[in-house]
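Please treat every number below as a calculation from the coordinates, not as lab data. Since this is a predicted model, take the numbers as computed values, not measurements. FYI the Cβ positions are ideal-geometry reconstructions off the backbone, even for glycines, and counts take in every protein chain you see.
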Amino acid sequence: MAVVRAHRPGRIVVLARLGLAMALVATLGAGSASQPLAAEAGLAPKCAYADTLTRYRATSDWYRSLLDTRYRLSRAYAPADLVRANRSGASGPGSIRRIALADLTAMYRAARAAGAPFAIQSAYRSYAQQVSTFNRWVLEDGYASALLGSARPGHSEHQLGTVLDLKTPGGPPPWDVADWGTTRAGAWLARNSWRYGFIVSYPRAKSPAATCYRYEPWHVRYFGRTIATRIHKSSLAAREWLYLKGATTTWSGGSPNPTPVPTPSPIPSPTATPSADPADAPSALPTDQPASPSVDPSPSVDPSPSVDASPPAEASPSVDPSPPVEASPSADVPMP
Ligand SMILES: [Zn+2]
């Protein structure tokens, strides 16, 4: 996707094309938009383009917020518990939510031990960053191509703070590799990331028909090990599974097992409130567990959640400060 075209269409041309494409897309999507989800028999509805706020959109809904070309987060959505992603041991820029750090660390160590280490290409992306990212791809590849390879502002899973684009350490951006999924790290992730709670959102077999985006072997979203295991066993794309479990209606997909959250025990807090992070405790606990004989989510590797005993020093969330201006296409990071 990050194919750099020889020609650079002028801005006016791009904007005109943009309007055309949107009109076309809206027309195509109109049919399925009104179709009841039940009629889809468990499959996600066809890809349509809209700007509907996703149903579960509190930061505590991170595991069930459905984001695709139709559903989005608000501009103001920004997790409050972001930490540097490289605290996992994987090098690279960006932030992820603290709730994903222990499992990311475990995944990185296992990948490295298997001879398939990865690095971080990009991580949390604010709404404002998405504006410039998407505009950059429009200028680079044209609107129709940008739609398939990048998310419109608010629609990116990266805004959740639980999503990473991974790469080969020292290598180019993964989208500049012919098929990053065939690299050691890419192939390892495809087989194993679910064991650590991460799901490849846009797998080859499902993209773009079921995921609405091009195949992206580098883009992983954290669901926690319990839910990631269910998604993996379902053989569905994450988007399909979320629809199936009521992410746009009534949620029936269960809640994530909060095991990986590192306990802040070393902090000598006198008024010991045990709950580490109440704001992010999944709201609905037992009632909505699926009837499925939930398979043993514990992976074979590295059960030690030995991460991050240090106090949350740098948790300050980099909330998008400025209202997203129609940004200049100068971002350094692409992709949904
Ligand atoms: Zn991505």
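Working from label points 7 Å from Cα in the Cα-to-Cβ sense, the residue 234 to residue 178 distance is 3.5 nm.
Compute the whole-percent fraction of alpha carbon pairs in region 53-203 spaced more than 23 Å apart. Across region 53-203, Cα pairs with separations above 23 Å total 36 percent.
Across region 114-131, rounded Karplus estimates of 3J(HN,Hα) from the backbone phi angles (6.51 cos²θ - 1.76 cosθ + 1.60, θ = phi - 60°) give 8, x, 10, x, 10, 10, 9, 8, 7, 9, 4, 9, 6, 4, 4, 5, 5, 4 Hz, Gly and Pro being marked x.
A simple packing score, the average count of other Cβ atoms within 10 Å per residue, orders the peptides 157-165, 208-216 as 157-165, 208-216, with the highest score first.
Go ahead and collect, in residue order, the members of region 130-167 whose backbone nitrogen is under 13 Å from a label point 7 Å along the Cα-Cβ direction of residue 51. Output list for this probe position: 131, 152-155. Taking a ≥ b ≥ c as the square roots of the eigenvalues of the alpha carbon gyration tensor, region 41-113 is prolate, as a/c is not under 1.5 and a/b beats b/c. Converting phi to 3J(HN,Hα) with the Karplus coefficients 6.51, -1.76 and 1.60 and the offset θ = phi - 60°, region 46-61 yields 4, 5, 9, 10, 8, 10, 7, 5, 5, 5, 9, 9, 7, 5, 6, 8 Hz in sequence order, with x at every glycine or proline. If you sort the three axes of the alpha carbon gyration tensor as a ≥ b ≥ c, you get a/c of 1.5 or more for region 193-250 and a/b no higher than b/c, which makes it oblate.
Sort region 87-162 into rounded, prolate or oblate with this rule: let a ≥ b ≥ c be the square roots of the eigenvalues of the Cα gyration tensor; rounded if a/c is under 1.5, and if a/c is not under 1.5, prolate when a/b is larger than b/c, oblate otherwise. It is prolate, given that a/c is not under 1.5 and a/b is the larger ratio. Residue-wise HN-Hα couplings along region 222-228, as the Karplus relation 6.51 cos²θ - 1.76 cosθ + 1.60 with θ = phi - 60° gives them from phi, are 8, 10, x, 5, 5, 6, 4 Hz; Gly and Pro carry x. Amide H to amide H distances under 5 Å link residue 43 with no residue, where only residues 5 or more positions off or on other chains count and H is placed in the peptide plane. The amide H of residue 72, built 1.01 Å from its N in the peptide plane, has 52, 53, 54 as neighbours under 5 Å, considering only residues 5 or more places off or on other chains.
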